[in-house]
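Inspection log for the structure reproduced underneath, given as structure tokens.
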Amino acid sequence: MAGIPAVSFPDQVRDYRLLMERWLDLVKANSSLQLSIYCEAGGYPLMVVESKDWDPLQPSIYLSAGIHGDEPAPVEGLIRWAEASLGNFPRRSIAQGWKEWNWQIFPCLNPWGLERNIRLDSEGLDLNRFYNSRRVPQINSQLSLMKGREYDMAITLHEDYDARGFYLYEVSSARPHWGESLCREISPVLPPDPRRKIDGHAAKNGLIRRKVNQTMMKGHPEAFLLHFLHADRTFTLETPSEEALPRRVRLQRKFLEVALKKVKLSMASPK
Ligand SMILES: [Zn+2]
């Protein structure tokens, strides 16, 4: 199918140049999107894919992947979802209305780490602990792109070596919560982590619902900043790194599909 190149596992999912080409192809096939290079980090250009026009009457969505370089499935799952949904607008995506929505997508926040299978960036930093600091130039540049933006939903995609299934953080000021039904909908692809406590947090069927505040962590993750300043609903998905890569990729992609469908349905139903 045009626009969906065959990408082999596991080597090509770590090829950042190829990833950029795929996003460029996608943007070429969609006149409402643009790709920009907003910064350089570790010798790599960082890209953002955005709607050219921001229509306040349409849903606004923030998506990001690859902040930890040893987590390739989110990067691949995100581009695969986009290739199938945003690129050449198959009928299903037009029906979802996605073409008109406002998108801000960060396809890979740590390409240096992705190509080397290293969690940290080229300076040895865990980038996901600097969203309340001005220390990291690439995060400063990213924040300036997000300035003033409000998203109906923000999703940050991750993986975890300790996970025994997928799990999902839901940080939301919006009601009703969506976490339970999202977990249920993606479970057929890969079962949830069965633990009742994950990463120190109470969990049920893979869902961790967190209340976060400014003082609970010294270095804020991306999801905290999104919750504090930008998004009514913030989700962080984690797939288990020990699971087969194609299955993790499928789960990441499926999550995007079901979460975005929720936004669509919420628009249709009265508040
Ligand atoms: Zn991570």
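Observations on the structure shown:
- Checked against the criterion of being away from the ligand (no atom under 15 Å from the Cβ), part of a strand (DSSP E or B) and either over 12 Å from the mean Cα position of the chain (by Cα) or farther than 26 Å from A268 by Cα (or both), segment 127-139 has no qualifying residue.
- Criterion applied to R248, R195 was being in contact with a Phe, Trp or Tyr (Cβ under 9 Å, 6 or more places away or on another chain) and more than 14 Å from P74 (Cβ to Cβ), and the one residue passing it is R195.
- For segment 241-271, the candidate set comprises residues that are β-branched (V, I, T) and out of contact with any Gly (no Cβ under 9 Å at 6 or more places or on another chain); within that set, the residue that is surrounded by the fewest Cβ atoms within 10 Å (Cβ to Cβ) is V258.
- First in segment 226-248 and within 16 Å of Q214 (Cβ to Cβ) and in contact (Cβ under 8 Å) with a residue 60 or more places away in the chain, second anywhere and open to solvent by 20 Å² or more (accessible area, probe 1.4 Å) and within 15 Å of the ligand (Cβ to nearest atom), Cβ under 9 Å, 6 or more apart: T234/Y169
- Filter pass, L190 being touching a strand residue (DSSP E or B) at 6+ places or on another chain (Cβ under 7 Å), in contact (Cβ under 8 Å) with a residue 12 or more places away in the chain and more than 16 Å from T236 (Cα to Cα): yes
- Checked against (1) within 16 Å of the ligand (Cβ to nearest atom); (2) open to solvent by 60 Å² or more (accessible area, probe 1.4 Å), V13 passes all but condition (2).
- Screening G206 against (1) touching a residue at least 60 places away in the same chain (Cβ under 8 Å); (2) surrounded by 21 or more Cβ atoms within 10 Å (Cβ to Cβ) leaves a single unmet condition, (1).
- Selection within segment 124-135 - surrounded by fewer than 18 Cβ atoms within 10 Å (Cβ to Cβ) and in contact with a strand residue (DSSP E or B) (Cβ under 9 Å, 6 or more places away or on another chain): none
- Filter result for S85 (within 26 Å of S8 (Cβ to Cβ) and polar (S, T, N, Q)): yes
- Test: residue in segment 63-78 that is touching a residue at least 12 places away in the same chain (Cβ under 8 Å) and away from the ligand (no atom under 16 Å from the Cβ): no
- Hits in segment 208-267 (condition: within 16 Å of the ligand (Cβ to nearest atom) and in a helix (DSSP H, G or I)): E222, A223, F224, L225, L226, L245, R248, V249, L251, Q252, F255
- Qualifying residues in segment 141-186 (those that are open to solvent by 10 Å² or more (accessible area, probe 1.4 Å) and part of a helix (DSSP H, G or I)) - the one nearest to Q252 (Cα to Cα): E185
- Looking at segment 26-122, the helices (runs of 4 or more DSSP H) lying wholly inside it that each contain 3 or more residues that are open to solvent by 40 Å² or more (accessible area, probe 1.4 Å) sit at 91-96, 111-116.
- Among (1) touching a residue at least 40 places away in the same chain (Cβ under 8 Å); (2) within 22 Å of E21 (Cα to Cα), the one test that I118 misses: (2)
- Residue tally, condition of a type in the set (A, V, I, L, M, F, W, C) and more than 17 Å from C108 (Cβ to Cβ), over segment 131-150: 1
The values are calculated or read from the model by the stated rules, or taken from the named source; none is laboratory data. Note that the structure is a prediction, hence the values are computed from the model and not measured. Cβ coordinates were reconstructed from backbone atoms using ideal geometry, including for glycine residues, and neighbour counts include every protein chain displayed. The accessibility values were calculated without ligands, DNA or RNA, using every heavy atom of the protein model including side chains. Shrake-Rupley method; radii C 1.70, N 1.55, O 1.52, S 1.80 Å.
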